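Colleague: Starting off with a structure, shown below.
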Amino acid sequence: MTRTDSPPARDERSQLATFLDYTRATALAKCDGLSRENAVRSPLPGSPLMTLAGIVNHLRWVEYYWFEVVFLGGEDEGPWTDEDPDREMRIAVDMPLADVLREYREQSARYRELVAAHDLDTLAVRERHGRRPDLRWIVLHLIEETARHNGHIDIIREILDGTTGD
């Protein structure tokens, strides 16, 4: 995944796809050189689930939910439960960071193809909050979600080991 915010063309699809990939690649880049210990450390006492591995795993599963479950109408086989709605963040502490990052990369590649294969006006199979969002809305939502969590990743990484960056 190339990390660029410069789309190859000026059309809407290119711009949306480029920015989604840019935010994904930023999350991955911010984990470069991260130690296993720091990947699962939570430096925020009031937010014990906010680990870098947990956030990236959350991003992976959020995309799964919006693309597989809402857009395509598949069964929800995510790790969350009613008793543990944030389980995707919790289980990441027991996973090697390389696996978390690999799964996110592989899934991103699949969803990049899904977005390329559908018109942005295509409505999701499932309703969410009483309406069926179109693919455009889902992509915009995932850009927002990933960018917001990149801010968390940025701050946590700086607290953990002083690493800052673009």
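Every number in this text was worked out from the coordinates using simple rules, so none of it is lab data. Since we're looking at a predicted model, the values are computed, not measured. Cβ sites come from the backbone with ideal geometry, for glycine too, and all protein chains shown count toward neighbours.
Colleague: So what is the relative contact order for the stretch 12-161, in percent, with contacts set as C-alpha pairs under 8 Å and at least six apart? Write down the numbers at each step before the final one.
Modeller: On the way: 164 pairs, mean separation 50.3, N = 150.
Across the stretch 12-161, relative contact order equals 34 percent.
Colleague: Another one. May I ask you to evaluate 6.51 cos²θ - 1.76 cosθ + 1.60, the Karplus curve with θ = phi - 60°, for each residue of the stretch 78-88 and list the ³J(HN,Hα) values in order in whole Hz, giving x for glycine and proline?
Modeller: Taking θ as phi minus 60°, the curve returns x, x, 6, 9, 4, 6, 9, x, 10, 4, 4 Hz for the stretch 78-88.
Colleague: Sum -39500 (n - 2.57) across every DSSP H segment of at least 4 residues in the chain, then divide by the residue count to get the 222 nm mean residue ellipticity, nearest 500.
Modeller: Values: 6 runs with 88 residues, N = 166.
Here the helix-only value at 222 nm equals -17500 deg cm²/dmol.
Colleague: Sequence-distant or interchain residues sharing an amide H contact under 5 Å with ASP134, placed H: which?
Modeller: ALA124
Colleague: Right, something else. Using the crude model of +1 on Lys and Arg Cβ and -1 on Asp and Glu Cβ, and no other charge, please compute the dipole size for the stretch 12-161 relative to its Cα centre, in debye to 20.
Modeller: Numbers: 19 positive and 28 negative charges, 68 e Å.
For this selection, approximately 320 debye.
Colleague: Which semi-axes, in whole Å and largest first, does the equivalent ellipsoid of the chain have when worked out from the alpha carbon gyration tensor as the square roots of 5 times its eigenvalues?
Modeller: Calculated on Cα positions only, the semi-axes equal 27, 20, 13 Å.
Colleague: Okay, moving on. Can you figure out the FRET efficiency of SER35 with THR164, using R₀ = 22 Å and their beta-carbon distance, to the nearest 0.05?
Modeller: Working: r = 16 Å, r/R0 = 0.75.
Computed FRET efficiency for SER35 and THR164: 0.85.
Colleague: Starting from the Cα of ASP5, step 7 Å toward the Cβ, then list every residue of the stretch 126-154 with an amide N under 17 Å from that point.
Modeller: Hits in the stretch 126-154 for ASP5 at 17 Å: 140-154.
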